[in-house]
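The values are calculated or read from the model by the stated rules, or taken from the named source; none is laboratory data. Bear in mind the structure is a predicted one, so any value in this text is a computation, not a measurement. Here Cβ is always computed from backbone atoms with ideal geometry, including for glycine, and neighbour counts include all displayed protein chains. The area values use the complete protein model at the heavy-atom level, side chains included, leaving out ligands, DNA and RNA. Shrake-Rupley method; radii C 1.70, N 1.55, O 1.52, S 1.80 Å.
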Amino acid sequence: MKLPPEIKFHHRPHGLIDEAAINKVTSVIEELEANTQEPFNRFSDTSEAHDVELNFRYVIHVSLHRRLAHEGRAPVKSAILATEPTLVHYARLLVLLTEGSSIKVRVFQEREDAAQWLGVPLERLTAETAKGETS
């Protein structure tokens, strides 16, 4: 995976979010982290996901794995846009489980609020994938 220095990875889960979907995103993030020296913030848009097949054990496992995998790295922000109640609930669990780590997670229901917290223009968090970006 070769991305330009200004990394943009667009993957928007549609419909179902399950372990396979989370594993895919997690593996891409970990590959990007392994191949880059500079820390980068993240934005996860779950606004088009309508079904959730996850459980507490899995969410806790992934949260703790990410916390340990990112240990010793520069702090990053991870904004999660979630409106589906179950996803909001699991995202808030992620916030709690990563608290005190180098990954600062916040859950948002409005894209504008996520952009402000990340310090990026709103357009950067739109669903459209620009030319040359990985999707």
>> Under 9 Å between Cβ atoms, which residue pairs at least 6 apart in sequence (or on different chains) link something in region 77-92 that is on the phi < 0 side of the Ramachandran plot with a partner that is of a type in the set (S, T, N, Q) and open to solvent by less than 10 Å² (accessible area, probe 1.4 Å)?
In response: S78/T98
> Does region 54-71 contain any residue that is outside any helix (DSSP H, G or I) and closer than 18 Å to I29 by Cα?
Replying inline: yes
> Considering region 61-116 alone, what residues qualify as being open to solvent by less than 30 Å² (accessible area, probe 1.4 Å), polar (S, T, N, Q) and either touching a strand residue (DSSP E or B) at 6+ places or on another chain (Cβ under 6 Å) or more than 18 Å from D18 (Cα to Cα) (or both)?
Replying inline: S78, T98, S101, S102
> Can you tell me which residues in region 14-39 are under 11 Å from the mean Cα position of the chain (by Cα) and either at pLDDT below 90 or of a type in the set (A, V, I, L, M) (or both)?
Replying inline: I22, V25, V28, I29
